[in-house]
Ligand SMILES: [Zn+2]
């Protein structure tokens, strides 16, 4: 009989993979973390995750009943794999079946934003939301949506890719996906410095340190540096366009912001986006970067151990 008290949660990102044993109330133990950036062999990544799960389970000494995986997308849920993720150079990474075989327990997987959304819904104090949108602003921009307790998956498990909403045609910044004018080309951690350089060029402005990171630009804006402040006002306006589209697409009553940029600078980053529909409550996560890990575990409890979710 599989344990229904513990599961293992895995959070695979472009830089790190994190793994922990999770209890029913979100208690984390046996936490493991490993850098995976630069590993180009897909089966090597899978093997390392199997080792980490083994170490986490060994360290805590409990039986796990399931494994829940949060991963950078896109995913192919039919095959249980991550497919050509733009921030990972490993091609197709098969996760579900090899991990299920290694541990003899069921395995479910979600993209990281959906896992984050579910983590906020179950453990973040937003369980009363009718429609919750989790919006992460980090290397990229993405969202996960929970509507009446159900995760919105989309046909392949990739619904909520709001980072590819068109938010501008004036600067027409190129996006990593091959498109132009997409939200994450302006306001993500990776896009903002490139947008800053283009914005400076179009302003005809001289700037002593053109190669700033997004965090440095935001810090300078917070300190009142004139050019950075002006630039961040423009980013806030672009973010407001993205937020407006997001509200029109999903009609949420609650939007939870996450990602290092949003956790620190939400007040500077989002302009006034009121308008067509009722404004949702907008708040910053209180789960300290753990929403996807907690959500992956919560999903494993709910979908596998309790059989509550229809979509696996
Ligand atoms: Zn794009």
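Roughly how many Å is it from the Cα centre of the range 227-291 to that of the range 22-85, as a whole number?
That distance is 30 Å.
Kirkwood Rh over alpha-carbon pairs of the range 126-284, then Stokes-Einstein at 4 °C and 1.567 mPa s: what D in µm² s⁻¹, rounded to an integer?
On the way: Rh = 16.0 Å.
Here the translational diffusion coefficient equals 81 µm²/s.
So for the range 210-312, Kirkwood radius off the Cα pairs, Stokes-Einstein at 4 °C and 1.567 mPa s: how many µm² s⁻¹?
Details: Rh = 15.9 Å.
Answer, rounded: 81 µm²/s.
Run the quick spin-label model on residue 233 and residue 14: label points 7 Å from Cα toward the beta carbon, then report their separation in nm to one decimal.
About 3.0 nm, to one decimal.
Pick out which of 42, 291, 20 has the largest mean-square fluctuation in a Gaussian network model of the chain, springs linking Cα atoms closer than 10 Å.
42
Using the alpha-carbon atoms, what tilt in degrees (0 to 90, nearest 10) does helix 112-123 show relative to the longest principal axis of the chain?
Here the helix axis deviates by roughly 70 degrees.
Give the calculated FRET efficiency between residue 267 and residue 147 to the nearest 0.05, with a Förster radius of 22 Å applied to their Cβ-Cβ distance.
0.20
Between the alpha-carbon centers of the range 174-221 and the range 128-144, tell me the distance in whole angstrom.
22
Could you give the angle, 0 to 90 degrees to the nearest 10, between helix 260-269's Cα long axis and the longest principal axis of the Cα atoms of the chain?
30
Restricting everything to alpha-carbon atoms, can you work out Rg to Rh for the range 58-155 with a Kirkwood hydrodynamic radius? Present the calculation step by step, with values, prior to reporting the outcome.
Details: Rg = 14.7 Å, Rh = 14.7 Å.
In the range 58-155, Rg relative to Rh is 1.00.
For the chain, with a Gaussian network of springs between Cα atoms less than 10 Å apart, report the residue from 206, 27, 59 with the top mean-square fluctuation.
Checking each option, the largest mean-square fluctuation is seen for 206.
Over the range 126-284, what is the relative contact order in percent, taking alpha-carbon pairs closer than 8 angstrom and at least six residues apart?
26
Compute the Kirkwood hydrodynamic radius of the range 166-208, taking the inverse of the mean of 1/r over all pairs of distinct Cα atoms, and give it in Å to one decimal. Could you put the intermediate results ahead of the total?
Values: mean 1/r = 0.0956 Å⁻¹.
Taking the inverse mean of 1/r over all distinct Cα pairs, the range 166-208 comes out at 10.5 Å.
Just 249, 56, 240 to compare: in a GNM of the chain, with alpha carbon springs under 10 Å, which one fluctuates most?
Taking springs between Cα atoms under 10 Å, the residue moving most is 249.
Given the DSSP H assignment, sum -39500 (n - 2.57) over each helix run of at least 4 residues in the chain and divide by its residue total; what's the result at 222 nm in deg cm²/dmol, nearest 500? Could you put the intermediate results ahead of the total?
Values: 9 runs with 110 residues, N = 312.
So the calculated ellipticity at 222 nm is -11000 deg cm²/dmol.
For the chain, what relative contact order do you get, as a whole percent, if you take Cα pairs closer than 8 Å and at least 6 residues apart?
Numbers: 677 pairs, mean separation 63.7, N = 312.
That works out to 20 percent.
Take the eigenvalues of the Cα gyration tensor for the chain, scale each by 5, and report the square roots as semi-axes in whole Å, largest first. Before the final figure, lay out the partial values.
On the way: eigenvalues 242, 89, 57 Å².
With the √(5λ) rule applied to the chain, the semi-axes are 35, 21, 17 Å.
Readers should treat all values here as calculations from the given coordinates under stated rules, not as data from a laboratory. Worth saying up front: this structure is predicted, and the values here are computed from it rather than measured. A quick note on method: Cβ atoms are made from the backbone with ideal geometry, for glycine too, and the neighbour counts reach across all protein chains shown.
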